[in-house]
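Asks: Would you mind keeping the following structure in view while I ask a few things?
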Number of protein chains: 4
Amino acid sequence: MIKRDAFRLREQLRVRWAETDLQGIVFNGHYLTYFDVAITEYWRAIGLPYPAAFAGIGVDVFAVKSTVEYLAPARFDEVIEVGCRAARLGRSSIAFALAIWRDGALITRGEVVYVCADPVARRSMPIPVPLRRAIEAYEQPPIEA
Amino acid sequence: MIKRDAFRLREQLRVRWAETDLQGIVFNGHYLTYFDVAITEYWRAIGLPYPAAFAGIGVDVFAVKSTVEYLAPARFDEVIEVGCRAARLGRSSIAFALAIWRDGALITRGEVVYVCADPVARRSMPIPVPLRRAIEAYEQPPIEA
Amino acid sequence: MIKRDAFRLREQLRVRWAETDLQGIVFNGHYLTYFDVAITEYWRAIGLPYPAAFAGIGVDVFAVKSTVEYLAPARFDEVIEVGCRAARLGRSSIAFALAIWRDGALITRGEVVYVCADPVARRSMPIPVPLRRAIEAYEQPPIEA
Amino acid sequence: MIKRDAFRLREQLRVRWAETDLQGIVFNGHYLTYFDVAITEYWRAIGLPYPAAFAGIGVDVFAVKSTVEYLAPARFDEVIEVGCRAARLGRSSIAFALAIWRDGALITRGEVVYVCADPVARRSMPIPVPLRRAIEAYEQPPIEA
């Protein structure tokens with residue numbers, strides 16, 4: 001289920017000095033920054049770069065839940081690959097599966113769930129049709145129903 | 001279950017400018033830094049300040065899983081209260097329940113699970129007795145079995 | 001010139017785990033976050049909390065130059081004291097002297113220069129009178145002309 | 001003096017969401033992270049990747065002074081180019097000139113000064129010959145005496 005081929009969007013990063021802590025490994029919170037970098041690239045890859053294209057269709061997205069599983073630590077200067085895949089679409093929610101590999105070995109996996117919301121009132125709203133279609137058109141293999 | 005009184009350890013923080021993003025709210029990854037600050041205070045509160053006291057009993061702890069639920073956003077300059085409670089103790093794992101309140105209202109909740117490991121080999125090991133006893137002695141109400 | 005008594009605004013912080021790097025010391029960029037925390041408290045102390053009071057008088061401030069001198073490293077869990085003092089006021093610029101002490105010993109000093117700007121056009125503008133007066137009224141000893 | 005051609009080492013970065021603040025621009029402290037990323041690449045470019053090659057020649061480097069001048073703000077998702085050049089070599093100190101361009105226009109410039117130190121005692125020591133030679137061999141045009 002965390003097969004690398006299932007992630008069309010894979011972004012390479014190099015671990016920065018400022019991201020490592022006294023234990024010699026990346027601080028646990030920074031993996032959410034890595035996930036966020038991959039999600040930014042995901043929006044661009046589906047043709048809806050955030051935030052301009054989102055403003056254009058009258059929606060904003062807010063994180064409602066994040067999960068990170070640390071299987072093995074990333075270390076300073078390592079090149080890692082962050083994969084992002086839309087795993088489930090609800091009425092207003094988008095759940096991304098995220099995974100990080102180093103030399104092809106999975107070292108981190110996680111999930112970030114966003115909810116679509118009105119940009120001004122910040123109340124949840126259904127996923128706008130152009131956003132849903134762009135996600136569904138992008139994902140190969142298709143998102144499970 | 002996220003009753004504020006169940007958290008003996010509650011640490012106040014003020015949201016920093018550098019922690020807020022373009023959406024005007026705290027970036028989702030920084031909540032793990034807030035959790036980490038509370039966990040640092042937790043170790044101090046039980047009498048085993050990290051990392052010195054841990055080195056003294058020959059153990060280190062590594063995060064294996066983090067979960068954050070964002071119920072409402074924290075904003076610049078707000079004073080928030082971060083609660084940390086040992087919720088479950090396994091053979092080698094310690095699961096912390098974490099919660100953040102603003103003006104007494106719950107805005108974030110989450111969990112960070114650590115595993116005890118040999119400091120050098122980084123292989124998992126049972127929770128050392130002094131660490132287990134310190135946690136059990138601290139928690140009121142007692143940890144559920 | 002970096003006498004502790006010359007800094008009316010002194011804010012205590014505890015160094016966070018996430019702020020330390022592999023060298024076992026605070027990453028050099030994070031001192032600017034510490035400075036920023038003290039500057040936030042400075043605006044509050046003079047009665048003009050940022051950003052609300054600034055919006056109220058039609059001004060925003062942008063950093064134009066930062067300098068940090070690292071005399072001795074801060075380490076994880078240390079309690080440090082960050083001092084902030086308006087050292088020079090130009091026509092549109094405000095230069096803050098900043099200093100960090102640990103156990104009363106100076107470990108960092110620096111300067112952050114802001115320029116007042118129109119919030120919309122972001123063009124520089126003279127320091128608004130209420131802001132200049134609030135700073136001059138606060139500083140003891142008075143700012144050198 | 002901040003001619004782009006004078007910087008052999010130029011590293012491209014994309015501004016991350018987590019690096020932008022409420023003003024819609026990169027927080028002033030994060031430029032030191034960008035500088036640090038370029039300095040990491042500099043050590044690699046001269047054939048002495050940090051920290052392994054430094055440990056090999058018995059030296060560590062510590063930042064003693066940083067300066068950043070913010071000429072124009074970087075914003076979310078922009079691709080920027082960070083240049084790093086050894087500008088002056090003292091007996092034990094290495095001063096890097098740093099500069100950031102966006103679309104070829106200079107938006108930030110600065111300096112980070114390191115001092116060579118004994119890795120254990122952390123006392124300053126002369127720049128080891130292999131390090132000095134690697135820097136001098138790399139810089140074109142040559143470093144001014």
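Asks: Mind listing just one residue for me: the one in region D:91-106 that is outside any strand (DSSP E or B) and within 23 Å of C:A72 (Cα to Cα) and, of those, farthest from the other protein chains (Cβ to nearest Cβ)?
Replies: Applying the filter and picking the extreme gives D:R91.
Asks: Next up: Quick check on this structure: which one of C:Y70, C:Y138 is within 17 Å of the chain's Cα centre (by Cα) and over 25 Å from D:Y70 (Cα atoms)?
Replies: C:Y138
Asks: A:L131 fails exactly one of the following numbered conditions: (1) part of a helix (DSSP H, G or I); (2) within 14 Å of chain B (Cβ to nearest Cβ). What is the number of that condition?
Replies: Tallying (1) part of a helix (DSSP H, G or I); (2) within 14 Å of chain B (Cβ to nearest Cβ), A:L131 fails exactly one: (2).
Asks: Could you list, in sequence order, all residues of region C:27-61 that are open to solvent by 30 Å² or more (accessible area, probe 1.4 Å) and charged (D, E, K, R)?
Replies: Answer for region C:27-61, where residues must be open to solvent by 30 Å² or more (accessible area, probe 1.4 Å) and charged (D, E, K, R): just C:R44.
Asks: Only one of D:R88, D:R109 is surrounded by fewer than 16 Cβ atoms within 10 Å (Cβ to Cβ), in contact with a strand residue (DSSP E or B) (Cβ under 6 Å, 6 or more places away or on another chain) and either more than 13 Å from chain C (Cβ to nearest Cβ) or in a strand (DSSP E or B) (or both); which?
Replies: On inspection, the qualifying residue turns out to be D:R88.
Asks: With (1) open to solvent by 50 Å² or more (accessible area, probe 1.4 Å); (2) closer than 20 Å to A:I127 by Cβ as the list, and A:E69 as the residue in question, which single condition is left unmet?
Replies: Exception for A:E69: condition (2).
Asks: Let me ask you something else. Step by step: first the residues of region B:59-80, then only those that are of a type in the set (D, E) and within 14 Å of chain A (Cβ to nearest Cβ), then the one that is nearest to C:T40 (Cα to Cα). Which residue is that?
Replies: Across region B:59-80, the extreme among qualifying residues is B:E69.
Asks: For C:R75, which of the numbered conditions (1) open to solvent by 20 Å² or more (accessible area, probe 1.4 Å); (2) touching a helix residue (DSSP H, G or I) at 6+ places or on another chain (Cβ under 9 Å); (3) under 28 Å from B:Y31 (Cβ atoms); (4) not polar (S, T, N, Q) fails to hold?
Replies: For C:R75, the failing item is (2).
Asks: Would region B:125-138 turn up any residue that is among the aliphatic types (A, V, I, L, M), in contact with an Asp or Glu (Cβ under 9 Å, 6 or more places away or on another chain) and open to solvent by 20 Å² or more (accessible area, probe 1.4 Å)?
Replies: Yes, because at least one residue in region B:125-138 is among the aliphatic types (A, V, I, L, M), in contact with an Asp or Glu (Cβ under 9 Å, 6 or more places away or on another chain) and open to solvent by 20 Å² or more (accessible area, probe 1.4 Å).
Asks: Okay, moving on. Quickly run through region A:1-23 and pick out the residues that are open to solvent by less than 10 Å² (accessible area, probe 1.4 Å) and not β-branched (V, I, T).
Replies: Listed by number, the residues that qualify are A:F7, A:D21.
Asks: Here is a follow-up. Looking at A:V64, A:V82, A:V115 in this structure, which one is crowded, with 18+ Cβ neighbours inside 10 Å and either closer than 18 Å to A:R14 by Cα or at pLDDT below 95 (or both)?
Replies: Step by step, each of A:V64, A:V82, A:V115 is checked, and only A:V82 is crowded, with 18+ Cβ neighbours inside 10 Å and either closer than 18 Å to A:R14 by Cα or at pLDDT below 95 (or both).
Asks: On the basis of being within 13 Å of chain A (Cβ to nearest Cβ), in contact with a Pro (Cβ under 8 Å, 6 or more places away or on another chain), among the aliphatic types (A, V, I, L, M) and within 20 Å of C:T20 (Cα to Cα), does B:A18 make the cut?
Replies: For B:A18, the condition - within 13 Å of chain A (Cβ to nearest Cβ), in contact with a Pro (Cβ under 8 Å, 6 or more places away or on another chain), among the aliphatic types (A, V, I, L, M) and within 20 Å of C:T20 (Cα to Cα) - is not met.
Asks: Report whether or not D:F35 is in contact with a Pro (Cβ under 9 Å, 6 or more places away or on another chain) and within 23 Å of D:L131 (Cβ to Cβ).
Replies: no
Asks: Then there is this: Could you list, in sequence order, all residues of region A:28-47 that are in contact with a Phe, Trp or Tyr (Cβ under 7 Å, 6 or more places away or on another chain) and either over 18 Å from D:D77 (Cα atoms) or of a type outside the set (S, T, N, Q) (or both)?
Replies: A:N28, A:D36, A:I39, A:W43, A:A45, A:I46
Asks: For region C:29-58, how many residues are within 11 Å of chain D (Cβ to nearest Cβ) and assigned to a loop (DSSP other than H, G, I, E, B)?
Replies: Summing the residues that are within 11 Å of chain D (Cβ to nearest Cβ) and assigned to a loop (DSSP other than H, G, I, E, B) in region C:29-58 gives 3.
Asks: Could you say whether any residue in region B:1-11 is within 7 Å of another protein chain (Cβ to nearest Cβ), part of a loop (DSSP other than H, G, I, E, B) and modelled with pLDDT of 95 or more?
Replies: No, region B:1-11 has no match at all.
The values are calculated or read from the model by the stated rules, or taken from the named source; none is laboratory data. Only a predicted model underlies this, so the values are computations on that prediction, with no experimental measurement involved. Neighbour counts run over all protein chains shown; Cβ positions are idealised from the backbone, glycine included. Surface areas here come from the heavy atoms of the whole protein model, side chains and all, with no ligands, DNA or RNA. Shrake-Rupley method; radii C 1.70, N 1.55, O 1.52, S 1.80 Å.
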